[in-house]
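A.B. asks: Here it is: the structure, laid out below.
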């Protein structure tokens, strides 16, 4: 399974419902799935494929889940990064994860470029509102690349309070199971409550 499959399923069952909401902005499940599929196509066209590590260095923006699911759809591994990281911290995560591409909010793109200096990792600035414009120009959304349950989905870095931050490696199945258990037991979600 690919975690992206969960989004595709939610879009098929609840396409009109809000998936993401931030202030007066938001995306329905259908919109999120379509934009994520176009992101998958765009990433694949730029050589991102299964197992590649892609950093996402954005604050809370509607673009984050679009990119997150788009990266997963390409079979790549998401490396979420705090937009407050300093160049030294960015460099560590880029090198440690073997990052192939860093998608950074334009407000921190200069910090990101300083962090990837001498690594060869390209930085693509993400302008709020600009991503959807770019993606509308893309061809049809791409289908998600099939992944095995034990394939890596996300590398989440620790805070590094006792040393250098370490990347926690999370699989597609582990992330899906965590969401399922959290939704059912912690949040007590049902098809009618979300």
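The values are calculated or read from the model by the stated rules, or taken from the named source; none is laboratory data. Computed from a predicted structure; not experimentally measured. Cβ sites come from the backbone with ideal geometry, for glycine too, and all protein chains shown count toward neighbours.
A.B. asks: Among (1) under 19 Å from the mean Cα position of the chain (by Cα); (2) closer than 24 Å to residue 165 by Cα; (3) free of Cβ contacts under 8 Å to residues at least 24 places away in the same chain, which single condition is residue 120 missing?
C.D. replies: Only one criterion in (1) under 19 Å from the mean Cα position of the chain (by Cα); (2) closer than 24 Å to residue 165 by Cα; (3) free of Cβ contacts under 8 Å to residues at least 24 places away in the same chain is unmet by residue 120, namely (1).
A.B. asks: Considering every residue within the range 11-28, establish whether at least one is closer than 14 Å to residue 154 by Cα and either surrounded by fewer than 18 Cβ atoms within 10 Å (Cβ to Cβ) or over 17 Å from the mean Cα position of the chain (by Cα) (or both). Break it down into steps so the answer makes sense when it comes.
C.D. replies: Keep residues of the range 11-28 that are closer than 14 Å to residue 154 by Cα, which gives none.
Checked against the condition, which is being closer than 14 Å to residue 154 by Cα and either surrounded by fewer than 18 Cβ atoms within 10 Å (Cβ to Cβ) or over 17 Å from the mean Cα position of the chain (by Cα) (or both), the range 11-28 yields no hits at all.
A.B. asks: Is it the case, given these coordinates, that residue 1 is in contact (Cβ under 8 Å) with a residue 12 or more places away in the chain and under 18 Å from residue 166 (Cα atoms)?
C.D. replies: Judged against the criteria, residue 1 is not a match.
A.B. asks: Which is over 26 Å from residue 2 (Cβ atoms) and crowded, with 18+ Cβ neighbours inside 10 Å, of 109, 144?
C.D. replies: 109
A.B. asks: Is at least one residue of the range 54-64 farther than 29 Å from residue 24 by Cα and touching a residue at least 24 places away in the same chain (Cβ under 8 Å)? Spell out the reasoning first.
C.D. replies: Our first condition is that a residue be farther than 29 Å from residue 24 by Cα; within the range 54-64, this holds for none.
No, the conditions are met nowhere in the range 54-64.
A.B. asks: Hey, another quick one. Failed condition for residue 4, given (1) surrounded by fewer than 21 Cβ atoms within 10 Å (Cβ to Cβ); (2) under 15 Å from the mean Cα position of the chain (by Cα), with all others met?
C.D. replies: (1)
A.B. asks: OK, next. Is there a residue being surrounded by fewer than 23 Cβ atoms within 10 Å (Cβ to Cβ) and modelled with pLDDT under 95 anywhere in the range 96-104?
C.D. replies: No: zero hits.
A.B. asks: When you go through 131, 170, 156 one by one, which is the residue that is within 29 Å of residue 13 (Cα to Cα) and surrounded by fewer than 18 Cβ atoms within 10 Å (Cβ to Cβ)?
C.D. replies: 170
A.B. asks: From the list 150, 140, which residue is in contact (Cβ under 8 Å) with a residue 60 or more places away in the chain and part of a loop (DSSP other than H, G, I, E, B)?
C.D. replies: 140
A.B. asks: Could you tell me whether the range 155-169 includes any residue that is within 21 Å of residue 47 (Cα to Cα), in contact with a helix residue (DSSP H, G or I) (Cβ under 7 Å, 6 or more places away or on another chain) and in contact (Cβ under 8 Å) with a residue 12 or more places away in the chain?
C.D. replies: Yes, the range 155-169 contains a residue that is within 21 Å of residue 47 (Cα to Cα), in contact with a helix residue (DSSP H, G or I) (Cβ under 7 Å, 6 or more places away or on another chain) and in contact (Cβ under 8 Å) with a residue 12 or more places away in the chain.
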